[in-house]
Amino acid sequence: MTLIEILAILALLISLALIILITIQPRQAQTLGNDTTSNIGQPSYWRSNRIVKVASLFVSIAFFLVTLILMLLQTSNI
């Protein structure tokens, strides 16, 4: 297996993990007028399900980095 194949498989696994993490997060009802004025500066988003949200953040950053490295390696091999 080459490095590109390993990174492609890793990107696939990370994307599946990200899909699962996003789907297990509870949906929050949003009323646009209320949320934009009453929740400014309040950390209420991170208080509920903090572990899942932080894990989603780190997995999405990892997915971005793996995808970026994969694209850079593929363009350098052309």
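Just so it is clear, none of the values below were taken in a lab; they were calculated from the coordinates. Everything numeric in this text was worked out from a predicted model, so none of it was measured. We place every Cβ from the backbone using ideal geometry, glycine too, and count neighbours over all the protein chains shown.
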- Pulled fully out, how much extra length does the chain show between Leu10 and Ile61, if you take 0.36 nm times their separation in residues and subtract their Cα-Cα distance? 17.0 nm
- A correct fewest-to-most ranking of Ser15, Ser56 by other Cβ atoms within 10 Å would be Ser15, Ser56
- Efficiency by 1/(1 + (r/R0)^6): what FRET value for Thr75 and Ala17, r their Cβ-Cβ distance, R0 = 25 Å, to the nearest 0.05? 0.45
